[in-house]
Amino acid sequence: MLKVWGRKTSVNVQKVMWTVGELGLPHERIDAGGPFGGLDTAEFGRLNPNRLVPVIDNDGFVLWESHAIVRYLAAVHGQGELSAAGEQQRALADQWMEWANTMLYSDIIYTLFLGLIRTPAADRNVAAIEAAAKRAGERLAVLDAQLAGRSYILGDQPTVADIGCGSLMYRYSTLDIPRPRLGNVESWYQRLTERKAYQDHVMIDYQAMRVPGA
Ligand SMILES: N[C@@H](CCC(=O)N[C@@H](CS)C(=O)NCC(=O)O)C(=O)O
């Protein structure tokens with residue numbers, strides 16, 4: 001049985017759970033991290049010495065790093081589907097996953113999400129928040145061009161590329177920030193929100209995470 005450690009409010013856990021949902025995998029999710037704690041135990045340290053979620057244990061095979069987990073589960077259970085058919089398509093999916101982590105993640109999660117939801121208004125770095133929103137919009141224009149004429153990032157079906165990028169889009173699209181009009185990104189995000197696995201695992205209300213004064 002696949003075990004997944006991680007609270008459902010963690011965007012990195014959400015990537016893994018969205019994958020689990022798309023693949024319909026039997027699993028057990030164990031709340032850990034955030035208010036649940038549990039990352040400082042010796043047992044958890046043996047699972048992930050970084051003391052971060054997500055971590056999986058798949059019949060004794062332990063793996064951390066959300067994108068590695070997403071790729072592994074897709075490779076084992078979603079060949080030709082979530083894991084695209086062919087080396088070049090898989091390399092392109094990797095490219096977009098890495099792009100999401102290096103070009104979007106920091107601005108959307110660290111600066112915008114933590115800055116607006118986990119930081120009281122009085123303590124906010126407004127200039128950094130404005131710059132991150134502008135940069136994220138400019139970078140998403142690159143994805144907008146890729147999505148022209150495509151339902152999902154690589155074509156007609158979702159792949160791990162959509163999981164890497166799309167997992168950030170619920171927060172990006174619902175935070176109180178200015179966003180440029182990007183028609184292809186908006187249609188793609190709309191398509192994601194119609195998928196049950198995305199609704200169940202990514203569209204998790206984060207208002208309870210708001211600190212007083214935020
Ligand atoms: N690069 C790692 C980052 C993992 C990470 O930063 N996890 C955060 C949650 S998103 C965490 O465990 N924070 C401590 C906590 O939740 O208590 C991945 O993609 O899995």
- Mind checking which of Asp162, Asp107, Asp40 has the largest fluctuation in a GNM of the chain, springs on alpha carbons under 10 Å? Asp40
- Can you tell me how much longer the chain between Arg191 and Arg124 gets when fully stretched, taken as 0.36 nm per residue apart minus their C-alpha distance, in nm with one decimal? 20.8 nm
- Query: So who's got an amide H within less than 5 Å of the one on Ala32, skipping anything under 5 residues away but keeping other chains? H placed 1.01 Å off N, in plane.
  - Reply: Gly6, Arg7
- Where does each of Arg171, Arg210, Arg195 land when they are ranked from fewest to most other beta-carbon atoms within 10 angstrom? Arg210, Arg195, Arg171
- With labels modelled as points extended 7 Å from the Cα through the Cβ direction, what inter-label distance (nm, one decimal) is found for Asp31 paired with Asp94? 3.8
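Suppose R0 equals 30 Å. What FRET efficiency, 1/(1 + (r/R0)^6) with r the Cβ-Cβ distance, do Ala85 and Leu114 give to the nearest 0.05?
0.20
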- Query: How far apart, in nm, are two points set 7 Å out from the Cα along the Cα-to-Cβ line at Asp156 and at Ser106?
  - Reply: 3.9
- Magnitude of the Cβ-charge dipole of the chain, K/R +1 and D/E -1, about the Cα centre, nearest 20 debye? 400
- Could you work out which residue, out of Pro180, Pro158, Pro54, moves most in a Gaussian network model of the chain, that is, has the largest mean-square fluctuation with Cα springs under 10 Å? Pro180
- Task: Could you work out how far apart the two model spin labels at Ala42 and Val76 are, taking each label as a point 7 Å from the Cα in the direction of the beta carbon, and quote it in nm?
- Result: 2.8
- Message: Can you tell me, using C-alpha contacts under 8 Å and at least 6 residues apart, the relative contact order of the chain as a whole percent?
- Response: 25
- Along the Cα-to-Cβ line of Val211, 7 Å from the Cα, sits a label point; which residues in the stretch 95-115 have backbone N less than 16 Å from it? 109-115
- For the stretch 86-137 and the stretch 1-68, what is the separation of their Cα centres, given in Å? 22
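Computed from the coordinates by the stated procedures, all read-outs in this text should not be read as laboratory data. Remember, it's a predicted structure, so these values are computed and weren't measured experimentally. Backbone-built Cβ (ideal geometry, glycine too); neighbour counts: all protein chains shown.
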